[in-house]
Amino acid sequence: MTYRTRLNASLVCRQWHRLAFTTKFLQQTQLTLEIRQSQCLADAVAILQHSERSYRQLKLIYQGNTQQSLVALTELLETVRGIRELDLLFFFYCFREKLNIVIAEVLAECGCLESFTIGIRGRLMSWIGENRPVATAAVVDLEKEAPRFPALKSLVIKRNPDLLHPRFYEISQSLHSPTFYVPPEPEMLPNLRHLTMNCETAAQLRLFAHCAERLESAAIVSFDGQGRFVEPFLELRLPQVQSLILPGFRRSDTAKLCQFLKVLRRVTVLQMEQVLIDSEVIETLFENCSTLKQLVLYMEYLPAGCFRNIARLEKLEKLRLVGKVQNGWVNHEDYFLGAVGGQLRLNSLTISHFVFTSGDFATSIASVFVNLQELRIQDCRAKNNIIGPIAEGLWFLRSLEYNKVTHGGVRPMWPPFLNRVKLVNCAWASGDFLNKLLEQCPRLKRMSLSACGASREAVQRVTEAATARGCVVERTMNMCHSEKQKLRN
């Protein structure tokens, strides 16, 4: 057998005969292990010890909560040699200090590690208080020289609580009860270039500040609830950063944000999906961030015409406008009112969480972005038909996505040059709409259908007709609410 070096081996570690067979001939692969029991962890160590293979990428999904299992986890990582990219996802209750020790040992054993990602699903507790037992305290050798990891260039620390599951309920945050992992000391990571992490503690802010001058990409998962570290972070200077993701924070920091953006002379990707901004922030972006290629903005408080100077962003390729982040919609204004047409590079536009009062927005977009190829409408409502205006005004589109879109018209029209269409949770997408799609779009190459208004029989007929002409169809059998009601009746 001959396998490509990029082959992924994803296994649930209850089928160890398959893993043993796989490890005999897979080299330089990405290995994904999902380990649910301590015995499975021991079996994995035994098998990988005899594989004598190096794995460039390792993703480990682990469920366990005993001290012995954490020790076995470090033994597993010692066994797998040559790891360059390590992704750990933990599903368990864990004491923060204990996890710190494990991660320190992991880094010590993976000397050539270049990228490290860690995620937590579950309650990350902390030994806090004067009465904590001495036996449970983390022992630190102060005389031992702190290890350095010069090869580590990327660090991602994520907290992903599953709030819908009571077992994984995240304990509330407070100043006296931090719930997240303390990052490594800045001196340990002299060559860090990419950092994704919360900014909720002084230690986390210190790591961002220490690496600020050399960071090429930075992503803040969240700030603390009191907003204590928002202003200190915005006072940092990131002259080399090319990709920046900011979470939501209070609107009173707008002035600090403007000063912060003026230094981002090399940024190409900027995401502020939950950041409340005003026209002043937009003008600062247009004046100082001319290198932007991808931009995500929160539009709830922005007026019509705020993008009239968007032509200054000559390199902009992808733009996403978010109307409202949580539960609700915002009336879509003519944000491009007064803008000069001819934004040649922009080819992808995503609009989400808006209410369209008319179809005029399509005409406005078409007059500015003459080379737009991809349009995504996500979680939007329309008081009038928007399907027709998009087909007429944006007839040059190549890719179109409607995701959870409601509208009040029945005009089955499609841009004629489409080669890709995706429909998700669209009750108006009846069999007639899908038939018109095939008739009006002869170049269609890929179609994705999920929870549409068409019956199963209609979807099956459309799938067969599309497949016969060389179109790839991806579909799920779940139906929209209206179609389910028909079956019940």
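Scanning the range 402-429 for residues that are of a type in the set (S, T, N, Q), more than 24 Å from the chain's Cα centre (by Cα) and closer than 22 Å to Ser358 by Cα returns a single hit, Thr406.
Among the residues of the range 216-226, is there at least one that is in contact with a helix residue (DSSP H, G or I) (Cβ under 8 Å, 6 or more places away or on another chain) and in a loop (DSSP other than H, G, I, E, B)? Looking for residues that are in contact with a helix residue (DSSP H, G or I) (Cβ under 8 Å, 6 or more places away or on another chain) and in a loop (DSSP other than H, G, I, E, B), one finds none in the range 216-226, hence no. Scanning the range 203-219 for residues being at pLDDT below 90 and over 11 Å from Pro183 (Cβ atoms) gives a total of 0. Among the numbered conditions (1) modelled with pLDDT under 90; (2) not in a helix (DSSP H, G or I), the only one that Val267 does not meet is (1).
Within the range 418-434, residues that are farther than 8 Å from Asn403 by Cα reach partners that are hydroxyl-bearing (Ser, Thr, Tyr) and surrounded by fewer than 22 Cβ atoms within 10 Å (Cβ to Cβ) with beta carbons closer than 6 Å, at six or more positions or on different chains, in the pairs Arg420/Ser399; Ala427/Ser482.
Matching residues to (1) at pLDDT 95 or above; (2) aliphatic (A, V, I, L, M):
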site	(1), (2)
Pro415	no, no
Leu418	yes, yes
Trp428	no, no
Asp432	no, no
Ser448	no, no
Ala451	no, yes
Ala454	no, yes
Val459	no, yes
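Conditions (1) aromatic (Phe, Trp, Tyr); (2) more than 30 Å from Ala458 (Cβ to Cβ), marked per residue:
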residue	(1), (2)
Val322	no, yes
Val330	no, yes
Tyr335	yes, yes
His353	no, no
Asn371	no, yes
Gln378	no, no
Asn384	no, no
Glu392	no, no
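One residue stands out in the range 353-386 among those that are aliphatic (A, V, I, L, M) and part of a helix (DSSP H, G or I): the one that is nearest to Leu397 (Cα to Cα), namely Ala366. If the condition is being touching an Asp or Glu at 6+ places or on another chain (Cβ under 8 Å), of a type in the set (Val, Ile, Thr) and in a loop (DSSP other than H, G, I, E, B), then the range 276-308 contributes no residue at all. Listed by first and then second residue, the pairs with beta-carbon distance under 9 Å, at least 6 apart or on different chains, first residue in the range 271-283 and under 19 Å from Gly328 (Cβ atoms) and outside the structural domain of Arg312 (by the TED database), second basic (Lys, Arg) and not in a helix (DSSP H, G or I), are Glu273/Arg320; Leu276/Arg250. Scan the range 309-332 residue by residue and report those that are part of a loop (DSSP other than H, G, I, E, B) and out of contact with any helix residue (DSSP H, G or I) (no Cβ under 9 Å at 6 or more places or on another chain). Selection gives Glu314, Lys315, Glu317, Gly323, Lys324, Val325, Gln326, Asn327, Gly328, Trp329.
The values are calculated or read from the model by the stated rules, or taken from the named source; none is laboratory data. The model shown is predicted, which means the values in this text are computed figures rather than measured ones. Note that each Cβ is placed from the backbone with ideal geometry, even for glycine, and that neighbours are counted across all protein chains shown.
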